[in-house]
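Any read-out appearing in this document is the output of simple, stated calculations on the displayed coordinates, not a laboratory observation. Remember, predicted model here, so these are calculated numbers, not experimental data. Reconstructed Cβ throughout: ideal geometry from the backbone, glycine too, with neighbour counts over all protein chains shown.
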Amino acid sequence: MADELDNYYETILELTKQAGKLVRDRLTNKKNVEEKDADIDLVTETDKEVEELLIKSLAKKYPSHKFIGEETAASGKKQELTADPTWIIDPVDGTMNFVHGFPHCCICIGLYINFEPEIGIIYNPSLEQLFTSRKGKGAYLNGKRISVSGQTELNKALIMVESGTSRDEEKMRVFKANQDKLIPLIHGYRTLGSAGLDMAMVALGCADAYFEFGPHAWDFAAGTLLIREAGGVVIDPSGGPFDVLSRRCLAASSQELADAIIKEIVQLYPKPRDDE
Ligand code: IPD
């Protein structure tokens, strides 16, 4: 199994770099932009092309592997996670940023085997930031080991959040309530426009926590392993175990900080889940 995992890792690194070149070369070009289920949930030809490149290449090399991909899922297909090796792919996370040429978007790829993350890669090609992790082997930025800040105190925390890709009324109400509650209690509140990059900042130790209600498995899969391998926690925002298909995530540099955030925030349970 170790040799197989090495092989999967080498393959996906090479493909991620190829895909990254496409994203980097097109960041400031004019794009063909389509709206998905909400008028601020966007997709470009590059999202589709990158997903196709990754899935076709992986499927050719590993015919028994399964896939959960953002643009494939846009067809309305219910996502299923089984024990089989499953690549969970967001070809361009932060598509809104990509559309505007704002250099904070990334390719997120997680490999799950037996329901556990084994490989997590987040690549921001515009800033040449390649975050990599393998289960039990640590988290890295451009080959250099990284770790979470270890911050435990809410009043010293820099927290990453996102308003998401829909204007759903209940979601906006919860977002505003949490913003009003947290801002007076913490050091700072930040939004990068990419769940994957928010999680990478927690792994890197330059942000202390991230939480969001509404993203999907492809937004969380890579960052989950990256943060855990960097020494942080990834759990459900109610305090229970993290479920990658639940569309809910709280990541923090310590369990103490996660507990302090949970005490303050209002919860939201987005429907449908990714497997509904
Ligand atoms: C979105 C971004 C955004 C987050 C959304 C995600 P996409 O991913 O990560 O920051 O708030 O929840 O869906 O659509 O750009 O791949």
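Kirkwood hydrodynamic radius, computed over distinct alpha-carbon pairs, for the range 2-146: how many Å, to one decimal? Intermediate values should be presented prior to the final figure.
On the way: mean 1/r = 0.0639 Å⁻¹.
Radius from the Kirkwood sum: 15.6 Å.
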Seminar exercise, completed: A student asked for the Cα radius of gyration and Dmax of the chain in angstrom ought to give 17.3, 52
Exercise. If you place +1 on the Cβ of every Lys and Arg and -1 on the Cβ of every Asp and Glu, how big does the dipole about the Cα centre of the range 58-158 come out, in debye to the nearest 20?
Worked result: 340 debye
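Which of the residue pairs 56/176; 61/271; 156/176; 21/60; 17/181; 21/156 have a Cα-Cα distance greater than 32 Å in the structure shown? Mind showing how you got there, number by number?
Values: 56/176 41 Å; 61/271 35 Å; 156/176 21 Å; 21/60 21 Å; 17/181 40 Å; 21/156 37 Å.
In this structure, 56/176; 61/271; 17/181; 21/156 exceed 32 Å between Cα atoms.
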For this session: Scan around residue 67 for amide H atoms under 5 Å from its own, H built in the peptide plane at 1.01 Å from N, and keep only partners 5 or more places away or cross-chain.
Result: 87
Problem set entry | Cα-based Rg of the range 136-194 normalised by 2.2 N^0.38 Å, two decimals | 1.47
Exercise. What does the highest-first list of 152-159, 241-248, 105-112, 22-29 look like by mean Cβ count within 10 Å?
Worked result: 105-112, 241-248, 152-159, 22-29
For this session: Mind checking which lysines have their Cα closer than 17 Å to the Cα of residue 135? Skip sequence neighbours fewer than 8 apart in that chain.
Result: 144
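What is the order of 84, 236, 93, fewest Cβ neighbours within 10 Å to most?
Working: 84 12, 236 15, 93 30.
With the sparsest Cβ surroundings first, the list reads 84, 236, 93.
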Problem set entry | Rg/Rh for the range 21-94, where both radii come from Cα atoms and Rh is the Kirkwood radius | 1.00
Exercise. Along the positive direction of the dipole of the chain (beta-carbon charges: Lys, Arg +1; Asp, Glu -1; about the Cα centre), which of 114, 157, 44 reaches farthest?
Worked result: 157
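What percentage of all Cα-Cα pairs in the range 154-264 are separated by more than 19 Å?
Numbers: 2216 of 6105 pairs.
That fraction is 36 percent.
Sort 137-147, 207-217 by packing, meaning the average of other beta carbons within 10 Å per residue, with the highest value first. Could you put the intermediate results ahead of the total?
On the way: 137-147: 14.4, 207-217: 25.3.
Per-residue mean Cβ counts within 10 Å order the peptides as 207-217, 137-147.
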